[in-house]
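Enquirer: Below you'll find the structure I mean.
The values are calculated or read from the model by the stated rules, or taken from the named source; none is laboratory data. In this text, all values refer to a predicted model and were calculated from it rather than measured experimentally. No Cβ is skipped: glycine too gets one built from the backbone with ideal geometry, and neighbour counts run over all protein chains shown.
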Amino acid sequence: MSSLRSFPYDSPMSSSRRTVTKRRGEQSEARLYFAAKLAWVEGATFRRNVIVTVKDGIIEAIDDAGELSIPRVAENVCDCDILLPGFINAHTHLEFCYCKSRLPRGNVPFSHWIEAIGQLKRTVRPNEITRCAESGVQELLQGGCTTLIDCTTRPEIFSLLATSPIRHIILWELIALSSEQAETVWQEVLERLSLPRSPNCIALGLNPHAPYSVGPHLRKLLRRFVEENPHTPIGIHVGESLDEKVFFETGTGPFQEFLARHDLDPAFTEVPRCSAGEFLCRENLWEFCHYLYHLNYFTDNDLAAILPFQTVVHCPTTHAYFSRAPFPLDTLLQRGVRVCLGSDSFATADTLNMFEILRMAARMYPQLGGTQLLELVTTLPARGVGLADHNPPLGVIAPGAAADFAILKTAAPPSDDFREILLDPTTCVWATYIGGRKVYELR
C-alpha cells in the first residue's frame, strides 16, 4: 500500500464528525486506512478527503481526513483517488468462458445460438473449461467485482470459486424437458445443494434455466422444493428473446422449429398464448423466482406481478451482442422495479469487467445520473435474496459493512459527477479489495 501523502496526519480528531461502529482499542497496527480524495459513503453521498478505517475485514469508521491522526506506517495506508464499494455482478456463467468469440452474434435466431453452443459443449475439454473460467475470475477482479451470482451445471466452477477470493452465490442450473431427464437432473442438483460451502460462498440456490427449457415434471419437482424452502435463492432467464415471446404466444417460430429438428417436446402441453412471465405465474413459480434475468419482453401483467423482493438483472453486453431492441429500463424504474446489472458470460459478451459494463450502461442510458448508475452494481443488487442478509453488509461503504472496495484512478481531479468520472477515458480500476485484502492491483 502506498503512503498517505495527500492528507494531514496529526490534526486533532473531532468526535462530532466521526462515524464509528465500536470503540477504538489501544492497538492500531492491525488497522488499514484508506485515504480517498473522493468516496461514495453510506450508499448516498460522495464525500471528499475522507479516511476509511478497516479492521478485521470490516469498516470501522469514516472520518474527514483533517480530523484523524493515524500511524505513519506505509503498509497500513492506501492513498486513492476514488473509493467505491466493490461491485456486485448479479449474473454470470463462468463455465462458458471458453466460448469467447466462438458463437454467432448479432440479430440471429436465438435457437441458432443454442444449437451452436450445444455443438461447442460437445468438443470442449474439462481442463479448458476450468482454465478459461480462472481467467474469467481474474477479469472480474480487474473490473472491481467483489461479489457475483453464478449459474452453473459444473462442480468444477463451484470448486474454482471456493479457492478464489470473490464472494459468490452459486445457482445450480436445471434443464430438462422429459420426465426421465428431470429425475436424473433433480437428484444431481439435490446432492450439490448439500455440498459444504467455503467461507466466501454466501449461498447455494437454483437456476431453472428458462420457461422453455424446464418441462412439466421438473416444474413439479421444483414447485414442491421451493414451497418447502422459500428462502433458497432462485434465478431464471425469462422474457429474454423475441423468439421466446413468439413461442409462448403462438407455439410457432424458431423455437418450435428447433424442438422439431431435435425431436424434443415443448415445455408445455398446450400453447400458453401468454408471455413467459404469465406462464410462470400460472405454474405457481413466478413468486419464487428472486432473480429475473434479462426480462427484455414483458406485458403489463408481468410488470404488475413483479414483487418487492424480486430483482431484474439487465446485461448490457448481452443486449449489444445480439443487437437487441432498446431495453425498457425507464418503464421498469418508473414502476419501482429493482434493476441491477450483470455481465452474463463470454458466450454472449466480450467482457466480464464490471467497470467497463457500468461505463457501457452510462452510454446506453444517458438519462441516468452518476449515482443511479453506481447503485446498479452496489446497493440495489445488495438487497437481493441471498445477499440482503449477509453479515457484514455488502455493496456499501459504511461502518460495520464489509471492506470490499473498487478503487478507481483518474488523471484529472475527481469530479463531483460520477457519470463524468465514469466516461473519462483515463479512469480505470486501480485496485480491488475483498474483506480488507488486496486481490487485484493495476500494474
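Enquirer: With the structure loaded, tell me whether Leu295 is of a type outside the set (Gly, Ala, Ser), buried (at least 19 other Cβ atoms within 10 Å of the Cβ) and farther than 26 Å from Val246 by Cα or whether it fails that test.
Expert: Considered against the rule, which asks whether it is of a type outside the set (Gly, Ala, Ser), buried (at least 19 other Cβ atoms within 10 Å of the Cβ) and farther than 26 Å from Val246 by Cα, Leu295 comes out as no.
Enquirer: In the stretch 95-123, which residue that is of a type in the set (D, E, K, R) and not in a helix (DSSP H, G or I) is farthest from Leu161 (Cα to Cα)? Steps first, answer last, please.
Expert: Within the stretch 95-123, the subset of a type in the set (D, E, K, R) is 95, 100, 102, 105, 115, 121-122.
If we keep only those that are not in a helix (DSSP H, G or I) as well, we get 100, 102, 105, 122.
Numbers: Lys100: 20, Arg102: 24, Arg105: 28, Arg122: 24 Å.
This residue is Arg105.
Enquirer: Kindly indicate which of Phe327, Phe346, Phe405, Phe355 is touching a His at 6+ places or on another chain (Cβ under 7 Å) and either closer than 26 Å to Thr232 by Cβ or at pLDDT 95 or above (or both).
Expert: Values: Phe346 fails: touching a His at 6+ places or on another chain (Cβ under 7 Å); Phe405 fails: touching a His at 6+ places or on another chain (Cβ under 7 Å); Phe355 fails: touching a His at 6+ places or on another chain (Cβ under 7 Å).
Selected residue: Phe327, the only one of Phe327, Phe346, Phe405, Phe355 that is touching a His at 6+ places or on another chain (Cβ under 7 Å) and either closer than 26 Å to Thr232 by Cβ or at pLDDT 95 or above (or both).
Enquirer: Here's something else I'd like to know. Which residues, counting only those in the stretch 64-120, are at pLDDT 95 or above, among the acidic types (Asp, Glu) and more than 27 Å from Ala133 (Cα to Cα)?
Expert: Asp81 - this is the single residue of the stretch 64-120 that is at pLDDT 95 or above, among the acidic types (Asp, Glu) and more than 27 Å from Ala133 (Cα to Cα).
Enquirer: Restricting to the stretch 47-90, name every residue that is touching a helix residue (DSSP H, G or I) at 6+ places or on another chain (Cβ under 9 Å) and assigned to a loop (DSSP other than H, G, I, E, B).
Expert: Ile70
Enquirer: Same structure again: Does Glu240 qualify as being over 23 Å from the mean Cα position of the chain (by Cα) and either under 30 Å from Ala403 (Cα atoms) or not basic (Lys, Arg) (or both)?
Expert: In short, no.
Enquirer: Would you check which residues across the stretch 215-243 are in contact with a strand residue (DSSP E or B) (Cβ under 6 Å, 6 or more places away or on another chain) and either surrounded by fewer than 21 Cβ atoms within 10 Å (Cβ to Cβ) or touching a residue at least 60 places away in the same chain (Cβ under 8 Å) (or both) and list them?
Expert: Passing the criteria: Leu222, Thr232, Pro233, Ile234, Gly235, Glu240.
Enquirer: Could you check, for the stretch 370-391, whether at least one of its residues is over 23 Å from Arg48 (Cα atoms), without any contact (Cβ under 8 Å) to a residue 40 or more places away in the chain and not aliphatic (A, V, I, L, M)?
Expert: yes
Enquirer: Out of all the residues in the stretch 113-128, is one or more aromatic (Phe, Trp, Tyr), surrounded by 14 or more Cβ atoms within 10 Å (Cβ to Cβ) and in contact with a Cys (Cβ under 8 Å, 6 or more places away or on another chain)?
Expert: For the stretch 113-128, residues aromatic (Phe, Trp, Tyr), surrounded by 14 or more Cβ atoms within 10 Å (Cβ to Cβ) and in contact with a Cys (Cβ under 8 Å, 6 or more places away or on another chain): absent.
Enquirer: Would you confirm whether any residue within the stretch 275-284 is of a type in the set (Asp, Glu), farther than 19 Å from Phe110 by Cα and in a loop (DSSP other than H, G, I, E, B)?
Expert: yes
Enquirer: Take Tyr321 and decide whether it is more than 17 Å from Leu280 (Cβ to Cβ) and touching a residue at least 60 places away in the same chain (Cβ under 8 Å).
Expert: yes
Enquirer: Could you grab me the full set of residues in the stretch 315-342 that are surrounded by fewer than 12 Cβ atoms within 10 Å (Cβ to Cβ) and among the small types (Gly, Ala, Ser)?
Expert: Correct list: Ser323, Ala325, Gly336.
Enquirer: Moving on to the next point. Restricted to the stretch 244-258, and to residues that are in contact (Cβ under 8 Å) with a residue 40 or more places away in the chain and either in contact with an Asp or Glu (Cβ under 9 Å, 6 or more places away or on another chain) or buried (at least 19 other Cβ atoms within 10 Å of the Cβ) (or both), which residue is nearest to Thr299 (Cα to Cα)?
Expert: The qualifying residue nearest to Thr299 (Cα to Cα) is Lys245.
Enquirer: Only one of (1) at pLDDT below 95; (2) over 30 Å from Trp172 (Cα atoms) fails for Glu60. Which number is that?
Expert: Among (1) at pLDDT below 95; (2) over 30 Å from Trp172 (Cα atoms), the lone unmet condition for Glu60 is (1).
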